[in-house]
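Remarks on the structure that follows.
The values are calculated or read from the model by the stated rules, or taken from the named source; none is laboratory data. None of the values given here were measured: they were computed from a predicted structure. Note that each Cβ is placed from the backbone with ideal geometry, even for glycine, and that neighbours are counted across all protein chains shown.
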Amino acid sequence: MISKAKLSRYADVMLWGLMAARKNKFEKGDIIRLLGGVSAIPLLEEIHKKLLEKGFNVVVIIGDTPTMESDYYKVSNDDQLGWLPPWSKQIFKKVAGSIYVHAPDSLTHLKDVDPKKIAKSAQVMRPIRDILDKREENGDFGWTLCAYPTQEQADQAGLTLRQYTNQIEKACWIHTKDPVAHWKNFYKAAQKLKKRLNKLDVEYYHIESENVYLKVWPGEKRQWVGISGHNIPSFELFISPDCRKTEGVYYANLPSFKNGNYIEGIRLEFKKGKVVDASACKGGDFLREHLKTDPGASMVGEFSLTDKRFSKINKFMANTLFDENFGGRHGNMHLACGASYSDTYSGDVSKLTKTKKKKLGFSHSSIHWDIVNTEKKRVTAYLKSGKKKIIYENGEFTYKL
């Protein structure tokens with residue numbers, strides 16, 4: 001268990017993340033959604049108290065249990081899977097912020113559920129996602145999320161609960177007396193690195209590792225973003241590339257838990273932006289079905305790199321939030337199949353319409369699935385001038401920090 005003092009510091013970090021993630025300043029009386037699983041209640045209580053002390057109105061939502069979630073997909077008919085509460089759109093048009101604490105008590109409880117049912121439910125939620133995306137683009141909505149240790153996650157990661165908890169505490173700096181100060185300093189350092197990357201006029205990036213040979217085109221008016229308060233922890237820098245142009249082979253050597261399913265050894269082959277062949281050592285049927293959720297599900301919504309000098313996460317955590325920020329010996333890269341992030345647009349995001357997103361090659365999807373490669377790799381930027389520059393090698397960006 002996390003001590004009371006560390007829980008309080010963890011809550012402080014989450015409030016910092018929420019404030020940093022929103023463009024416009026929050027005001028007293030703003031509505032904040034606080035969401036998490038039953039096992040996360042100790043941390044949810046600390047966050048709830050601090051939100052109230054800030055003058056916010058808090059809507060608390062305790063997530064479904066594994067049994068409830070499994071029953072929803074197995075028992076519901078098509079009408080029930082397509083149902084949204086009549087009040088949901090109105091509430092999300094007013095919510096100013098959201099904090100989610102991920103604390104699953106099962107990671108494989110949906111393994112026997114028809115993937116088509118999961119996809120249908122995800123598509124139904126797309127209008128809500130569109131509302132929040134537009135509010136975020138306008139600076140009126142901010143979100144952040146974190147993880148709380150559970151025995152299930154520790155077991156799936158092959159760690160003791162104490163070992164798992166230690167990874168969380170160190171990654172989020174809550175083992176220190178002033179973790180918020182650490183995050184603020186790191187935030188400033190990351191801004192400098194992003195500026196250097198964004199000065200390059202790149203035609204495409206070429207990624208090479210033992211099992212990856214991939215070309216990713218950033219597209220027009222793109223910028224590297226990340227370490228913005230959205231995820232705690234977050235050590236990655238990423239872009240949402242032109243989803244119509246990705247070419248080559250990508251391999252995820254870290255396993256993935258997605259929608260209650262376990263998938264291992266994912267291999268994707270891209271041609272003209274789309275996955276044309278998808279396989280996995282385990283969970284291949286779910287993988288292929290999930291990539292059919294909608295047209296954007298089989299395209300790249302995110303290309304990300306994590307510098308091992310930033311991240312001290314060195315163990316598989318069976319949790320995407322941590323695994324996509326893996327440091328270890330060689331850092332990591334990950335791709336996300338599905339939706340793009342609007343904040344990677346280098347222009348005025350508030351004026352980024354659906355039509356303009358499509359024209360620029362932003363992927364639109366109801367899913368966003370991060371899959372991680374931790375192999376030793378090299379990333380070369382091929383510049384529009386005809387020159388090339390290695391930007392990432394041996395787990396590090398090729399810039400002094």
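Brief remarks on what is shown
Each row is one residue, and each column tells you yes or no for (1) over 28 Å from LEU352 (Cα atoms); (2) under 17 Å from the mean Cα position of the chain (by Cα).
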| site | (1), (2) |
| --- | --- |
| PRO85 | yes, no |
| ILE99 | no, yes |
| HIS102 | yes, yes |
| ASP105 | yes, no |
| ILE131 | no, no |
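- Checking LYS184, LYS170 one by one, the residue that is more than 30 Å from LYS357 (Cβ to Cβ), over 19 Å from the mean Cα position of the chain (by Cα) and surrounded by 14 or more Cβ atoms within 10 Å (Cβ to Cβ) is LYS170 and no other.
- Among the residues of the stretch 21-37, those identified as at pLDDT 95 or above and either part of a helix (DSSP H, G or I) or among the acidic types (Asp, Glu) (or both) are GLU27, ASP30.
- Among the residues listed as ALA154, ALA190, the single one being of a type in the set (A, V, I, L, M) and either modelled with pLDDT of 95 or more or on the phi > 0 side of the Ramachandran plot (or both): ALA154
- From the options TRP183, TRP173, residue that is closer than 30 Å to ALA103 by Cβ and in contact with a His (Cβ under 7 Å, 6 or more places away or on another chain): TRP173
- Of the residues contained in the stretch 379-398, none is found to be of a type in the set (Val, Ile, Thr), touching a residue at least 40 places away in the same chain (Cβ under 8 Å), surrounded by 21 or more Cβ atoms within 10 Å (Cβ to Cβ) and in contact with a Cys (Cβ under 8 Å, 6 or more places away or on another chain).
- Assessment of the stretch 202-223 against the conditions (of a type in the set (D, E, K, R), at pLDDT 95 or above and under 20 Å from the mean Cα position of the chain (by Cα)) yields at least one matching residue.
- Search result, residues across the stretch 255-270 that are part of a loop (DSSP other than H, G, I, E, B) and either closer than 28 Å to HIS182 by Cα or without any contact (Cβ under 8 Å) to a residue 24 or more places away in the chain (or both): GLY265
- Matching residues, the stretch 97-129, being among the polar types (S, T, N, Q), in contact with a strand residue (DSSP E or B) (Cβ under 6 Å, 6 or more places away or on another chain) and assigned to a loop (DSSP other than H, G, I, E, B): THR108
- Which numbered condition GLN90 fails, given (1) touching a residue at least 24 places away in the same chain (Cβ under 8 Å); (2) assigned to a helix (DSSP H, G or I): (1)
- 3 or more residues modelled with pLDDT of 95 or more and either out of contact with any Lys or Arg (no Cβ under 9 Å at 6 or more places or on another chain) or more than 25 Å from ASP201 (Cα to Cα) (or both): qualifying strands (runs of 3 or more DSSP E) within the stretch 280-386: 300-306, 332-338, 368-373
- Pairs are defined by a Cβ separation below 6 Å, a sequence spacing of at least 6 or placement on different chains, a first member in the stretch 124-140 that is touching a residue at least 24 places away in the same chain (Cβ under 8 Å), and a second member that is small (Gly, Ala, Ser); the pairs so defined are VAL124/GLY82; ARG126/SER366; GLU137/SER342; GLU137/SER350; ASN138/SER350.
- Filter pass, LYS170 being among the charged types (D, E, K, R), assigned by TED's automatic domain parsing to the domain that holds GLU69 and touching a residue at least 24 places away in the same chain (Cβ under 8 Å): yes
- Matching residues, the stretch 54-69, being out of contact with any Asp or Glu (no Cβ under 8 Å at 6 or more places or on another chain), part of a helix (DSSP H, G or I) and surrounded by 13 or more Cβ atoms within 10 Å (Cβ to Cβ): GLU69
- Residue within the stretch 343-350 that is surrounded by fewer than 24 Cβ atoms within 10 Å (Cβ to Cβ), touching a strand residue (DSSP E or B) at 6+ places or on another chain (Cβ under 7 Å) and closer than 27 Å to ALA154 by Cβ present: no
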